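The values are calculated or read from the model by the stated rules, or taken from the named source; none is laboratory data. Quick caveat: nothing in here was measured; it's all calculated off a predicted structure. FYI the Cβ positions are ideal-geometry reconstructions off the backbone, even for glycines, and counts take in every protein chain you see. Accessible surface areas use protein heavy atoms only, side chains included; no ligands, DNA or RNA. Shrake-Rupley method; radii C 1.70, N 1.55, O 1.52, S 1.80 Å.
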Amino acid sequence: MANKKGMLILFSGPSGVGKDTVLSVVLDKDKSLQKSVSLTTRGIRENEIDGIDYYFISTLEFEHMINNGEVLEFAKYGINLYGTPKAPVDKWLSEGKTVFLKIEVQGAQKIKEMYPDSVAIFLMPPSMEELENRLRSRGTESEEDIRRRMQIARDEIKKSADYDYVVFNDDLDSASDNVLAIIKALDFTYKRMKNYISEVIKDV
Ligand code: 5GP
């Protein structure tokens, strides 16, 4: 069978919901999947590694990359800029890979306009109380930042209506399995299978 086209998965959800944790389990369970490493102007957290969790860059460097056309999309979240480097995503898509973008809702909207075939998954907290608990237990944000993130979370959850799939993160193992089930099912949409179907009937 011919190679399948690459696929973009937009993975959103409020800060503290556990996107990184779920994504790391998903990538661990299916090694063929790829995760894009974003650019950010926010400060590095104690447990983060530059080049693995994010590329931590200055606002000046960020603006320089935007002006050079090196950023696929970017958005302001709170007081910081976040964006997706373009070159690696283009490369993975041309290799037929499934690429996860961990992205907030404005960025996801922009990518959906550029790549209408991308698939958007929203990771939902079991409750707002639980979300706040998770944000606090992380111990990485100031009180002001937690309040700001909780406010953004309410607005983001309202936008989950624009997503193709919603996965609840009440249990890490089932949340990651549910994300993998969505990815698996996407392999069998008619749109992705139609080339193979024409191969089957080409000599008939
Ligand atoms: P955090 O500071 O908690 O790591 O991320 C804050 C928000 O920025 C999260 O909702 C996260 O998904 C989003 N984000 C991370 N990388 C990108 C990106 O490349 N583009 C956009 N638009 N949002 C991102």
>> If you restrict to DSSP beta bridges whose two residues both lie in the chain, what percentage is antiparallel, to the nearest 5?
In response: 30
> Roughly how many debye, to the nearest 20, is the charge dipole of the range 95-204 about its Cα centre, given +1 on each Lys and Arg Cβ, -1 on each Asp and Glu Cβ, and no other charges?
Replying inline: 360
>> I'd like the accessible area for Ile49: 1.4 Å probe, protein heavy atoms, all chains in place, Å² to the nearest 10.
In response: 90
> Rounded to the nearest whole Å³, what is the per residue volume of the convex hull around the Cα atoms of the chain?
Replying inline: 129
>> So, taking all protein chains as they sit and a 1.4 Å probe, how much accessible area belongs to Phe188, in Å² rounded to tens?
In response: 130
>> Nearest 500 deg cm²/dmol is fine: what mean residue ellipticity at 222 nm does the chain get from its DSSP H runs of n ≥ 4 alone, each adding -39,500 (n - 2.57), divided by its residue count?
In response: -14000 deg cm²/dmol
> Excluding ligands and nucleic acids, what accessible area in Å² is computed for Glu95 using a 1.4 Å probe, to the nearest 10?
Replying inline: 90
>> Taking the Cα centre as origin and putting +1 on Lys and Arg beta-carbons and -1 on Asp and Glu beta-carbons, what dipole magnitude results for the range 9-138, to the nearest 20 debye?
In response: 160
>> Taking the Cα centre as origin and putting +1 on Lys and Arg beta-carbons and -1 on Asp and Glu beta-carbons, what dipole magnitude results for the range 53-111, to the nearest 20 debye?
In response: 160
>> From the protein chains alone at 1.4 Å, what is the descending order of accessible area for Lys102, Lys91, largest first?
In response: Lys91, Lys102
> Top to bottom by accessible area (1.4 Å), largest first, where do Tyr115, Tyr82 land?
Replying inline: Tyr115, Tyr82
